[in-house]
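Working notes, beginning with the structure itself.
The values are calculated or read from the model by the stated rules, or taken from the named source; none is laboratory data. Every value quoted in this text rests on a predicted model; they were computed, and no experiment measured them. So basically every Cβ, Gly included, is an ideal-geometry build from the backbone, and we count neighbours across all protein chains shown. Accessible surface areas use protein heavy atoms only, side chains included; no ligands, DNA or RNA. Shrake-Rupley method; radii C 1.70, N 1.55, O 1.52, S 1.80 Å.
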Amino acid sequence: MLLPRMKLAVIFDRAFHAMADMQWRMLGGLIVFHALSSWLLLAMAGEAELHAPTTFFYWYATTAYTVGYGDLSPQGVAGRLVTAIWIFPGAIAAFTTIVAKILAAIGEIWRVRRSGKGDYSRMTDTILLIGYHPTRTPKMINELGAELNADQTLVLLTRQAVADLDPRIRYVQGDSLTSMDALARAGAASASRVLVYASTDADTLTATLAASAATPDSAHIVCFLDDADSARLLAQHCPRVEIVLSSGPEMLARAARDPGASHVISALTSHLDDAATLFSLTWQGAGQPFGALAKRLLDQRATLLAHQPQSVKSPRFNPPLETTVEAGDRLFYVSATRLDLPGLAGLQA
């Protein structure tokens with residue numbers, strides 16, 4: 001008696017795994033075959049109450065889902081035998097197989113993304129971070145996440161595996177930071193902003209060059225370098241890249257000459273605290289004198305610091321008040337919050 005039971009268990013186990021491994025098309029075909037054959041068998045058994053297609057579909061679905069409302073059921077002996085021997089096992093097996101395949105697919109998507117193999121190439125307005133530093137990269141994510149809107153996505157491209165992922169970012173792991181495949185999966189082709197902060201200047205240099213080739217011309221690329229020679233080399237080959245050069249020695253000297261200067265500069269570069277922060281905007285209105293704009297910004301509790309015309313690479317601090325700010329010029333200001341476009345409408349009067 002024990003041997004037949006073991007054989008039956010093996011048969012059911014193999015059948016379940018065979019169904020679980022099926023492709024959706026074959027599984028769907030088997031479900032349709034089982035449903036049609038069940039309908040024909042019930043018709044042959046004289047179950048007129050279940051004969052209507054819509055009624056049968058409702059009863060078959062509730063049977064497969066194991067809900068069993070009880071409002072419909074076979075009335076004759078033959079119909080009940082068909083249901084017990086053929087319909088119950090097949091319908092329930094099909095339903096549980098579908099659930100198992102869906103859960104397996106969700107688990108596979110989660111596993112792929114957690115392992116850095118996800119594909120985010122279809123996303124738009126991506127903010128791409130290239131390189132990873134265990135302490136500095138999370139700080140950059142916090143800074144960017146504080147102003148992230150619903151349409152933007154943070155994607156991190158690294159070489160190493162990242163165990164504790166920030167839930168605000170998508171993660172892509174590549175063999176190198178210059179891999180075109182990894183950059184494509186990270187959504188470089190539709191990125192609006194790119195931040196490159198690698199472990200060495202050499203990695204940053206090559207990663208920035210690769211990002212410049214993989215991103216649209218409208219994307220704003222920023223990278224951090226320690227070495228001034230590397231910065232000059234990159235500026236020659238990629239003039240559209242904004243290079244942030246390490247200012248540690250200069251900061252020390254400035255703090256020694258002007259106590260507290262380092263605190264002010266540090267506060268201006270971060271808006272995670274309640275202190276005022278440095279922001280920028282592109283002027284879209286008609287030509288206006290710098291002094292008039294400074295006065296209007298001051299009415300909104302913002303201080304206008306610098307003006308950068310389109311044709312100039314560096315901003316000009318405290319330009320003459322009569323300097324005309326043209327459409328497309330960039331303005332830098334200090335404020336507790338970023339001024340939104342509706343709030344700037346009054347400046348264009």
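Miscellaneous remarks
- At 1.002 mPa s and 20 °C, Stokes diffusion of region 118-189 via Kirkwood alpha-carbon radius, µm² per second: 175 µm²/s
- Whole-percent carbon and sulfur share, accessible surface of region 43-111, 1.4 Å: 74 percent
- Viscosity 1.306 mPa s, temperature 10 °C, Stokes-Einstein D of region 57-96 from Kirkwood C-alpha radius, µm²/s: 156 µm²/s
- Pair-distance distribution of the chain: all C-alpha pairs, bin width 20 Å, starting at 0; shares per bin in whole percent are 21, 36, 20, 18, 5, 0.
- 3J(HN,Hα) along region 128-140: 9, 9, 10, x, 9, 10, x, 10, 7, 4, x, 5, 5 Hz, from the Karplus curve 6.51 cos²θ - 1.76 cosθ + 1.60 with θ = phi - 60°, whole Hz, x for Gly and Pro.
- Contour minus Cα-Cα distance for Asn149 and Phe33 (0.36 nm per residue): 36.9 nm
- Alpha-carbon spread of region 171-283, three principal axes, descending order, Å: 48, 31, 29
- Peptide ranges 288-294, 315-321 listed from the most packed, as the mean C-beta count within 10 angstrom indicates: 288-294, 315-321
- Per residue, the chain exposes 60 Å² of accessible surface when a 1.4 Å probe is rolled over the protein heavy atoms with every protein chain present.
- Scaled radius of gyration (Cα, divided by 2.2 N^0.38 Å) that region 183-236 gives: 1.09
- Hydrodynamic radius of region 27-100 by the Kirkwood approach over all distinct alpha-carbon pairs: 12.2 Å.
- Magnitude of the charge dipole for the chain, about its Cα centre and with charges confined to Cβ atoms of Lys, Arg (+1) and Asp, Glu (-1), is about 640 debye.
- Theoretical gain in end-to-end length, Leu245 to Ala261 [0.36 nm per residue, Cα-Cα removed]: 3.9 nm
- Which of Leu157, Leu36 is most accessible, then next, and so on - probe 1.4 Å: Leu36, Leu157
- Of the peptides 169-176, 235-242, the order by per-residue mean of other Cβ atoms within 10 Å, starting with the highest, comes out as 169-176, 235-242.
- Segment Arg80..Ala100, full-extension length gain: 4.4 nm, with 0.36 nm per residue of separation and the alpha-carbon distance subtracted.
- Mean residue ellipticity, 222 nm, helices only, the chain: the sum of -39500 (n - 2.57) across DSSP H runs of n ≥ 4, divided by residue count and rounded to 500, is -14000 deg cm²/dmol.
- Cut-off under 5 Å, modelled amide H: who pairs with Lys117 long-range: Gln173
- Carbon plus sulfur fraction of accessible area for region 114-251, probe 1.4 Å, in percent: 52 percent
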